[in-house]
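Here is the structure we will look at.
The values are calculated or read from the model by the stated rules, or taken from the named source; none is laboratory data. Worth saying up front: this structure is predicted, and the values here are computed from it rather than measured. Neighbour counts run over all protein chains shown; Cβ positions are idealised from the backbone, glycine included. Just the protein is used for accessible areas: all its heavy atoms, side chains included, with ligands, DNA and RNA removed. Shrake-Rupley method; radii C 1.70, N 1.55, O 1.52, S 1.80 Å.
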Amino acid sequence: ERILRLAEMCRRLETEEEKVLPFYPSSLAEGEQRDAQRVLEEPPAEPLAQAARDYAGLERFWQRFNKVKLEEQALERERAVLGRRNRCLRVLLGQYLAGIAVSQEVLSQLNPL
C-alpha cells in the first residue's frame, strides 16, 4: 500500500513525455528478443534465478529506475561541461575587462590591446 501511494505521488510529478512513453524502446534485435523471451520461459535451475523470477513484476520499476539514473548521470556530465565553460568565459571576460581598463597595474602586465 505504501509503495502504491508513493507511486501515485510520483506520477503527478512526471512530465507529459514520461506519462506517454515512460520507457526507452528495446535496443535488442528481433532475434535477440526472441532468444531472451525463450530463456525467460524456461524453468530456472538455480535458486537465485528463481528468486529473480519471483520479482519479475518489478521489471518495469527497475526500467524506470535505471532510466532516471542514466538521465541523472547525463545531467551531471552536462553540468561539469557547463562549469568548465563558465570558468573559461569568466577568464576571458576578466582578460577583456583588464584590457579595456587603464591603470598602472594593467600597463605593467602584458595587455591584449
Between the stretch 1-22 and the stretch 28-105, what is the C-alpha centre distance in whole Å?
-> 20
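So which chymotrypsin sites (Phe, Trp or Tyr not before Pro) in the stretch 1-87 are both in a DSSP loop and have at most 15 other Cβ atoms within 10 Å of their Cβ? Present the calculation step by step, with values, prior to reporting the outcome.
Values: sites: 23, 55, 61, 62, 65; in loops: 23, 55.
Those satisfying the criteria are 23, 55.
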Accessible area of the chain divided out per residue, in Å², using a probe of 1.4 angstrom | 96
So what is the calculated 222 nm ellipticity per residue for the chain, using -39500 (n - 2.57) for each DSSP H run with n of 4 or more, over all residues, to the nearest 500 deg cm²/dmol?
-> -24000 deg cm²/dmol
Compute the Kirkwood hydrodynamic radius of the chain, taking the inverse of the mean of 1/r over all pairs of distinct Cα atoms, and give it in Å to one decimal.
-> 20.1
